[in-house]
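S.K.: Structure below; questions to follow.
The values are calculated or read from the model by the stated rules, or taken from the named source; none is laboratory data. Bear in mind that the values here come from a model prediction, so they are computed numbers and not experimental data. When we count neighbours, we look across all protein chains shown, and the Cβ atoms used for this are built from the backbone with ideal geometry, even at glycine. Just so you know, the surface numbers come from the protein's heavy atoms only, side chains and all, with ligands and any DNA or RNA stripped out. Shrake-Rupley method; radii C 1.70, N 1.55, O 1.52, S 1.80 Å.
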Amino acid sequence: MTEATATGAGGEEFDRRAGVRAVENALRLLQLFREREVLGVSETARLLDVGRSTAHRLLTTMRAHGFVVQDSSRAYRVGPALRELGAAIAEPGVARGRCRPYMQALCDELGETVNLVSLRGTDAVFVDSVETTRPLRVAGREGVVLPAYAVSAGKALLAALPVDVVRELYTDEALTPLTERTLRTRTALEAELDIVRQRGYAANIGESERGITAAACVVPDLAASERLAIAVSAPSSRVHDDDDLLAVAQAVCGCAASLARGLSAAAA
């Protein structure tokens with residue numbers, strides 16, 4: 001037996017170097033998803049410089065564990081396990097601790113669930129939540145990762161980016177819908193972001209989940225790398241019309257402005 005092999009419990013020999021190469025290829029594949037929203041088997045094989053069968057094996061193994069998913073075109077996208085892992089390490093507890101009193105005050109004011117959200121690429125990462133105690137409520141979403149175009153906070157954060165940066169993030173015209181109300185094209189998203197910039201807040205009426213309405217505002221004056229948004233999520237049955245939505249949005253924007261002042265004072 002050479003240094004490169006070892007004997008397993010069943011007496012079988014395996015190649016240590018082959019095991020290391022497999023792990024290395026898996027890690028390199030994960031890094032590819034930092035740069036590409038979608039990968040096919042052939043493209044993965046070319047980029048990793050491995051055989052097509054090896055690329056297929058890597059992708060199917062990751063799919064089995066939820067790290068990637070296949071879309072209708074049979075291409076592979078980032079899956080829930082990888083998104084949740086990213087969310088778990090996305091934000092330090094210090095930022096959440098400083099924001100929590102403002103979120104609690106907004107929750108008490110409106111009687112609805114409040115979320116703190118950051119943007120990671122094209123994902124909205126729910127960093128923290130303060131859940132209302134009302135019997136009918138939207139559950140807190142801490143740790144959840146959703147497409148930014150489908151949630152109010154994600155749209156608010158995207159609207160804070162330069163137009164050319166948004167186009168770099170969304171290279172494809174088609175967007176995958178979560179409900180019948182989700183934006184389905186980049187063109188529709190760009191038009192929506194123009195509206196968000198004009199009125200100063202973003203809305204989500206059943207776009208990420210049926211029966212839920214939300215409004216969000218970016219916390220002003222934060223560095224681009226630290227940008228956060230405050231969002232309030234409520235059962236649509238309690239936000240009946242445009243006036244109700246505007247009242248929620250105004251309270252959210254007021255909270256975001258107060259939070260910005262508080263963070264600025266703490267940093268001084």
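S.K.: For Rg/Rh (Cα atoms, Kirkwood Rh), the choices are (1) 0.99; (2) 1.04; (3) 1.07; which was calculated from the structure?
M.R.: Correct label is (3).
S.K.: Over the chain, what is the relative contact order in percent, taking alpha-carbon pairs closer than 8 angstrom and at least six residues apart? Could you put the intermediate results ahead of the total?
M.R.: On the way: 432 pairs, mean separation 35.3, N = 268.
Normalised by residue count, the contact order of the chain is 13 percent.
S.K.: Residue by residue through region 167-176, which ³J(HN,Hα) values in whole Hz follow from phi under the Karplus form 6.51 cos²θ - 1.76 cosθ + 1.60 (θ = phi - 60°), with glycine and proline marked x?
M.R.: With the stated coefficients, region 167-176 comes to 5, 5, 5, 10, 7, 9, 6, 7, 10, 7 Hz.
S.K.: If I ignore ligands, DNA and RNA and count only protein heavy atoms, how much of THR61 is accessible to a 1.4 Å probe, in Å² to the nearest 10?
M.R.: Result for THR61: roughly 70 Å² accessible.
S.K.: Can you pull the percent of the chain's accessible area that's carbon plus sulfur, 1.4 Å probe, other chains left in place?
M.R.: Working: 7320 of 14070 Å².
On the chain, the fraction of accessible area on carbon and sulfur atoms equals 52 percent.
S.K.: Further question on the same structure: Need the C-alpha centroid separation for region 33-75 versus region 168-199, integer Å.
M.R.: Region 33-75 and region 168-199 have Cα centres separated by 26 Å.
S.K.: Working from Cα positions, state the angle (0 to 90°, nearest 10) between the long axis of helix 186-199 and the longest principal axis of the chain.
M.R.: That works out to roughly 30 degrees.
S.K.: Around THR185, which amide H atoms from residues at least 5 apart in sequence, or from another chain, sit under 5 Å from its own amide H, with H modelled in the peptide plane?
M.R.: HN-HN under 5 Å from THR185: LEU175.
S.K.: Please give me the summed charge of the neighbours of LEU183: other residues whose Cβ is under 14 Å from its Cβ, Lys and Arg +1, Asp and Glu -1. Before the final figure, lay out each step's value.
M.R.: Working: positive: LYS155, ARG181, ARG184, ARG186; negative: ASP172, GLU173, GLU180, GLU190, GLU192, ASP194, GLU207.
After counting each charged neighbour, the total is -3.
S.K.: Can you work out ³J(HN,Hα) from phi for every residue in region 118-123, in order, using Karplus 6.51 cos²θ - 1.76 cosθ + 1.60 and θ = phi - 60°, giving whole Hz and x for Gly and Pro?
M.R.: Here the 3J(HN,Hα) series is 10, 10, 10, x, 9, 9 Hz.
S.K.: Over the chain, with a Gaussian network built from C-alpha contacts below 10 Å, which listed residue (ALA159, ALA256, ALA223) shows the highest mean-square fluctuation?
M.R.: Greatest mean-square fluctuation among the candidates belongs to ALA223.
S.K.: Next question. Which value, in Å², gives the accessible area per residue of the chain when a 1.4 Å probe is used on the protein heavy atoms? Provide the component values of the computation, followed by the final result.
M.R.: Working: 14070 Å² over 268 residues.
So the chain comes to 53 Å² accessible per residue, rounded to a whole number.
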